[in-house]
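Novice: After the structure tokens below, expect a handful of questions from me.
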Amino acid sequence: MSKRFTLSGFWLSGPTYKVGLMLSLCGEGFAYHSVNLRAGEHKSPAFIAKNRFGQVPALEDAKSGMALCQSAAILEYLAAELGKFGGEGACGAGQAREWMFWDFDRLAAPIYRLRAQRAGFRTFSQPIVEMYFAEAGAALKVLEEALGKTAWLCGSQPSIADIDVYGVVAYAPQAGFDLAAYPAISAWTKRMEALPGFIGINDLPKATQA
């Protein structure tokens, strides 16, 4: 039986992982197409038709005919379509969006870039590396303080905010951060990983190939 959703992405991509995690937590089976970035597949006309920016991930919904890009927008779409992880009421949905904007602005960029630098995909001068460490450390401190007060980022239940932010924090050790120094974040990651349907950052390639 064909799947409603097809996720196109790259297994090293944090944003791709966020969408795969959301679908899995929702109990929604999905087809997965691994995009060959090295061969430039993400810039091909066929892929641009799915993702106008030529990036990963892209999500196709066979039910609505929609093709979506940008992980935060995809998470919001899935929450609305599947009725899960959307936040508790209008206030919760607004708070979830706030956290996702914050994540993009403050947390994701330095952690993803440091991870790429340590993996040998990017090269930065030492002052730039130190700047990214400072920026990521400051963002992790904000997150630690928030999670020291509440189990989840928005209300009493996990939401797309938690999924979105977890999709960055999960890579923090690869960026050079010891999460043991952040007990509230560490406890939150354990709560995330205990959710039914959870998949880890190395599990996405095992999804059914489209």
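Novice: Leaving ligands, DNA and RNA out of it, report the carbon-plus-sulfur percent of the accessible area of the chain at a 1.4 Å probe. Walk me through the numbers on the way to the answer.
Specialist: Values: 5680 of 10250 Å².
Looking at the chain in its full context, I get 55 percent from C and S.
Novice: Before anything else, pin down the relative contact order of region 138-210: Cα pairs under 8 Å, at least 6 apart, normalised by residue count, whole percent.
Specialist: Details: 39 pairs, mean separation 21.6, N = 73.
It comes to 30 percent, rounded to a whole number.
Novice: Quote the FRET efficiency, to the nearest 0.05, computed for residue 105 versus residue 194 with a Förster distance R0 of 22 Å and r equal to the Cβ-Cβ distance.
Specialist: After rounding to 0.05, the efficiency reads 0.15.
Novice: Let me ask another. Divide by every residue of the chain the summed helix terms, -39500 (n - 2.57) for each DSSP H run of at least 4, and state the resulting mean residue ellipticity at 222 nm, rounded to the nearest 500 deg cm²/dmol.
Specialist: Working: 8 runs with 96 residues, N = 210.
The per-residue figure over the chain is -14000 deg cm²/dmol.
Novice: Once phi is turned into θ = phi - 60°, what whole-Hz ³J(HN,Hα) does the Karplus curve with 6.51, -1.76 and 1.60 give for every residue of region 166-174, x standing for Gly and Pro?
Specialist: Those phi angles translate into 4, x, 9, 4, 4, 9, 4, x, 5 Hz.
Novice: Give me the Debye-computed log₁₀ of I(q)/I(0) at q = 0.24, 0.26 Å⁻¹ for region 127-206, equal point scatterers on Cα only, no solvent, two decimals.
Specialist: -1.25, -1.39
Novice: Further question: Roughly how many whole Å is it from the C-alpha centroid of region 167-199 to that of region 78-142?
Specialist: Between the Cα centre of region 167-199 and that of region 78-142, the gap is 13 Å.
Novice: Same structure again: Taking the Cα atoms of region 77-194, report the difference between the largest and smallest coordinate on each principal axis, in whole Å and largest first.
Specialist: 45, 28, 22
Novice: Between rounded, prolate and oblate, where does region 52-135 land on the alpha carbon gyration tensor, with a ≥ b ≥ c its root eigenvalues, rounded for a/c under 1.5, else prolate if a/b exceeds b/c? Each step should come with its number before you reach the end.
Specialist: On the way: a/c = 3.96, a/b = 1.70, b/c = 2.33.
Oblate, since a/c reaches 1.5 and b/c is not below a/b.
Novice: Enumerate by residue number the chymotrypsin sites (Phe, Trp or Tyr not before Pro) in region 47-102 meeting two conditions: DSSP loop (anything except H, G, I, E, B), and at most 13 other Cβ atoms within 10 Å of the site's Cβ.
Specialist: Details: sites: 47, 53, 77, 85, 99, 101, 102; in loops: 53, 85.
Answer by residue number: 53.
Novice: Another question about this same structure. Give the long-range amide H neighbours of residue 171: residues separated by 5 or more places, or on another chain, with amide H under 5 Å away, using H modelled in the peptide plane at 1.01 Å from N.
Specialist: none
Novice: Give the calculated FRET efficiency between residue 151 and residue 126 to the nearest 0.05, with a Förster radius of 30 Å applied to their Cβ-Cβ distance. List each step's numbers first, then the result.
Specialist: Working: r = 38 Å, r/R0 = 1.28.
That pair, residue 151 with residue 126, gives E of 0.20.
Novice: Roll a 1.4 Å probe over the protein heavy atoms and report the accessible area of residue 159 in Å², nearest 10.
Specialist: Here the accessible area works out near 0 Å².
Novice: Additional query: Convert 25 °C to kelvin, take the viscosity as 0.890 mPa s, use the Kirkwood radius over C-alpha pairs of region 1-124 as Rh, and evaluate the Stokes-Einstein diffusion coefficient in µm²/s, rounded to a whole number.
Specialist: On the way: Rh = 15.5 Å.
Taking Rh from Cα pairs, D becomes 158 µm²/s.
Novice: Taking 35 Å as R0, compute the FRET efficiency from the Cβ-Cβ separation of residue 88 and residue 181 and round it to 0.05. Mind dumping the intermediate values first?
Specialist: Working: r = 31 Å, r/R0 = 0.87.
FRET efficiency, residue 88 to residue 181: 0.70.
Novice: Okay, next question. From the protein chains alone at 1.4 Å, what is the descending order of accessible area for 133, 124, largest first? List each step's numbers first, then the result.
Specialist: Values: 133 70, 124 40 Å².
Largest accessible area first, the list is 133, 124.
Novice: So for the chain, averaging the separation of alpha carbon pairs under 8 Å that are six or more residues apart and normalising by length, what relative contact order in percent results? Write down the numbers at each step before the final one.
Specialist: Values: 301 pairs, mean separation 55.0, N = 210.
Answer for the chain is 26 percent.
Novice: Given the Cα atoms of region 97-143, and with Rh set as the inverse mean 1/r over their pairs in the Kirkwood sense, what is Rg to Rh to two decimals? If you can, show how the numbers build up before the last one.
Specialist: Details: Rg = 11.1 Å, Rh = 10.9 Å.
Value, to two decimals: 1.01.
Novice: Mind running the shape call on the chain? Use the C-alpha gyration tensor, a ≥ b ≥ c as the square roots of the eigenvalues: rounded below 1.5 for a/c, prolate if a/b tops b/c, oblate otherwise.
Specialist: Oblate, because a/c is 1.5 or more while a/b does not exceed b/c.
Novice: A follow-up question, please. Within 10 Å, at most 14 other Cβ atoms, and a DSSP state outside H, G, I, E, B define an exposed site. Report the longest part of the chain free of exposed trypsin sites (Lys or Arg not before Pro).
Specialist: Details: sites that count: 38, 52, 63, 122, 149.
That would be 150-210.
The values are calculated or read from the model by the stated rules, or taken from the named source; none is laboratory data. Just so it is clear, the structure is predicted and the values come from calculations on it, not from any experiment. Here the Cβ is made from the backbone with ideal geometry for all residues, glycine too, and neighbour counts use every protein chain on show. Please note that ligands, DNA and RNA were not included when accessible areas were found on the heavy atoms of the full protein model with its side chains. Shrake-Rupley method; radii C 1.70, N 1.55, O 1.52, S 1.80 Å.
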